[in-house]
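The values are calculated or read from the model by the stated rules, or taken from the named source; none is laboratory data. Just so you know, these numbers come straight off a predicted model, no measurement behind them. Virtual Cβ from ideal backbone geometry, glycine too; neighbours counted across all protein chains shown.
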Amino acid sequence: MTAVKPSGQTIPWAVVTAHMPSASATREAWAETLDLLEECGALLAATDGVGGVELRDPRTIDGPQQPELVVYTTPDALAEVATRVGTTLAAFGLGGGDIVATVRTDDDWRDNWKQFYKPITLGDGALLLRPSWIPRAPGDPVREIVLDPGRAFGTGLHETTQLCLDRICSLARAGTTPAAILDLGCGSGILALAAARLFEQTPRIVAIDEDPEATATTIENADSNGLELRLVVGTGDVQDADGPFDLVLANIRAHTLVERAQAIFEVTANGGRVVLSGVLVDELESVEAEFVRVGFRRDASVAEWPRRKDIWVALDLERPR
């Protein structure tokens, strides 16, 4: 429902749009820029005065020519939020683009960001992801996660998230029941929530993130999905997780994965599986080399190597028994 004043006039809404400079011409450059924009957006979404964040991908149909970050706010907070957007982008090395601050009153603009979030069916019908404003449809999968974009990214739209979710679905379909699961860098908690929904007999599912806003969002999402008793949520890093884990899910960028390879090995159970995402095609060899060096090997139960969506890949690994 659109908010209106007593006179019938639509209440003004405000938006800050950051247009990236045209230098990001290749798909690889776009991917790197989009990844950094995601991190910026997660930080901005967690601050006062921000009502929503939208990342616009130039690779999608009818997408912009260059990546854009759209931050929704109110007219009163517009100037402060616009300044914060510029400062945050500069801190991530994304300065130089145009930042446009606008006050709008049209109804379509107010809810425009919702068009970018649609229901997604994964795992050959094993799991449905949907935003709360879109009702279930006949024939939708029985198991679902209701997840709205908010203070932490991870709504299932990104290819890296879908690569992890696909693997969770395939393991569940094969009848696997991990004794303990770790979602490292949980963000919105989507991977831990999906694991809780699909592995109903798994007694221990841990979600951990360095960002307290991410863990707070994970707790909220678990509560709204009735899964709050299934998850252990904590703020910290992999060394703070109490292993061992039979399944480790890590949808984080390649350099972060490489830095944590040894620590991830140490919390993985003998014979345990690891799914690494957030890796570009040209980063595959270096990431795999480091994880092999610390003791992992390719997961022999996965026929496809690497699993790929667009320019992103997932590494399916296992720790030998």
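Among what's in the range 7-32 and is polar (S, T, N, Q) and at pLDDT below 80, pick the residue that is surrounded by the most Cβ atoms within 10 Å (Cβ to Cβ). Working first, answer last.
Step one: filter the range 7-32 for residues polar (S, T, N, Q), giving 7, 9-10, 17, 22, 24, 26.
Add one more test, that the residue is at pLDDT below 80, and what stays is 7, 9-10, 22, 24, 26.
Values: S7: 5, Q9: 9, T10: 15, S22: 10, S24: 19, T26: 10.
Within the range 7-32, the match that is surrounded by the most Cβ atoms within 10 Å (Cβ to Cβ) is S24.
Restricting attention to the range 130-186, the residues being of a type in the set (A, V, I, L, M, F, W, C), crowded, with 23+ Cβ neighbours inside 10 Å and at pLDDT below 90 number 2.
Does the range 292-300 contain at least one residue that is at positive phi, surrounded by 14 or more Cβ atoms within 10 Å (Cβ to Cβ) and touching a residue at least 24 places away in the same chain (Cβ under 8 Å)? Yes, the range 292-300 has at least one match. Could you say whether any residue in the range 47-67 is modelled with pLDDT of 85 or more and within 20 Å of G187 (Cα to Cα)? Within the range 47-67, not a single residue is modelled with pLDDT of 85 or more and within 20 Å of G187 (Cα to Cα). Of the residues making up the range 301-321, those that are surrounded by fewer than 18 Cβ atoms within 10 Å (Cβ to Cβ) and under 24 Å from the mean Cα position of the chain (by Cα) are E304, W305, R308, K309, D310, I311.
Being of a type in the set (S, T, Y) and more than 26 Å from F199 (Cβ to Cβ), is that true of even one residue in the range 272-290?
Filtering the range 272-290 down to residues of a type in the set (S, T, Y) leaves 277, 286.
Next, from what is left, pick out any that are more than 26 Å from F199 (Cβ to Cβ): 286.
Taking every residue of the range 272-290 in turn, at least one turns out to be of a type in the set (S, T, Y) and more than 26 Å from F199 (Cβ to Cβ).
Considering the range 172-189, and only residues there that are among the polar types (S, T, N, Q) and in contact with a Ser or Thr (Cβ under 8 Å, 6 or more places away or on another chain), the residue that is nearest to V275 (Cα to Cα) turns out to be T177. At least 1 residues being farther than 24 Å from A31 by Cα is the threshold, and among the helices (runs of 4 or more DSSP H) wholly inside the range 241-313 those reaching it are 261-267, 284-293. Please go through the range 204-240 and pick out each residue that is of a type outside the set (A, V, I, L, M, F, W, C), under 27 Å from A261 (Cβ atoms) and surrounded by fewer than 22 Cβ atoms within 10 Å (Cβ to Cβ). Passing the criteria: R204, E210, D211, P212, E213, T215, G234, T235, G236, D237, Q239, D240. Within the range 273-284, the set of residues being surrounded by 22 or more Cβ atoms within 10 Å (Cβ to Cβ) and farther than 11 Å from D316 by Cα comprises G278, V279. Selection of the range 182-240 for residues being part of a helix (DSSP H, G or I), free of Cβ contacts under 8 Å to residues at least 24 places away in the same chain and over 17 Å from the mean Cα position of the chain (by Cα) yields only D223.
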